[in-house]
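Right, one structure below, let's go through it.
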Ligand SMILES: CCC[C@@H](CC(=O)O)C(=O)C(=O)O
Ligand SMILES: [Zn+2]
């Protein structure tokens, strides 16, 4: 990757540890829900050949979700909620196209400043060669991890094909994630769940639930003063690396400029449902549990008031002059 393509952000960063699949420390970190880059897993080694030509030949005739953006940011939004919310402006456009059409869109990007990002759950419409490659993922290792950490079922594998420069802005997911990098390089900037107060997520009922309101490239310190206190940990993942993104950990993922061609990055993620609640809740609550409680309060109040826009007013009445 081209090291001077690294965006400068107004905060110092720690480095995410980079450990071997054979190192016991790797599993200690995962057990503690801490991020770690795991090398030599061969988790998606069979996908090392997934370049655009091979994918064009073998992905099949199915349709793929491809997002376009007039900026380089691909902020996720819930399209059903977006339709309900008249004032909401979609940050990206979603298209349902064939792979050849995606390749055409990619080509057009070189002469417009539009960016594209294919984000498609791997399903049974793919060709037999892709199915074979998928079956040759290192399921033995990843299933052992799932069992060892008590994770729930694998909910999906998302195929991500992005253009260099693409950014998935900072957000958290409610699933455990083994993020496998296949080609190209991605900068992964992570923030622990206890930094919730610094990252000001949209309201739970908003189309951009779980997404931070803070634009890392242009933070609005008046609206989001605590953003000054963020302490990220980051790393650059390359082909063969697997990044463990623990559930509720905030992350921003940036596709880096690569000197060579093609200017695309390819990744596959493995989203797992979280582990079951412990029989006995220990106190103090973990940061993840605190986020989950806040989410449930917002959901309950939005339902009780039958209007998400009234939640802020009621919470202020509860807090101001009483819990401050
Ligand atoms: C839609 C998912 C995008 C991905 C980040 C990226 O590779 O751009 C991510 O956020 C995740 O795997 O959780
Ligand atoms: Zn994510």
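FYI, it's all coordinate maths here, none of it is from the lab. All figures in this text were calculated on a predicted structure; none of them were measured in a lab. Note that each Cβ is placed from the backbone with ideal geometry, even for glycine, and that neighbours are counted across all protein chains shown.
Numbers at a glance
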| item | result |
| --- | --- |
| Where labels lie 7 Å past Cα in the beta-carbon direction, separation of residue 297 and residue 123 in nm | 3.8 |
| Length added when fully stretched, residue 11-residue 220, from 0.36 nm per residue minus Cα-Cα | 73.8 nm |
| Residue exposure sequence - 39, 125 - by fewest surrounding Cβ within 10 Å | 125, 39 |
| Least to most buried among 212, 156 (fewest other Cβ within 10 Å first) | 156, 212 |
| P(r) weight above 34 Å for the chain, C-alpha pairs, percent | 25 |
| Acute angle (nearest 10 degrees) that the helix 287-304 long axis makes with the longest principal axis of the chain, alpha-carbon atoms | 70 |
| Per-residue Cβ neighbour rank within 10 angstrom, fewest leading, 198, 85, 188 | 85, 198, 188 |
| Å³ per residue enclosed by the Cα convex hull of segment 5-134 | 201 |
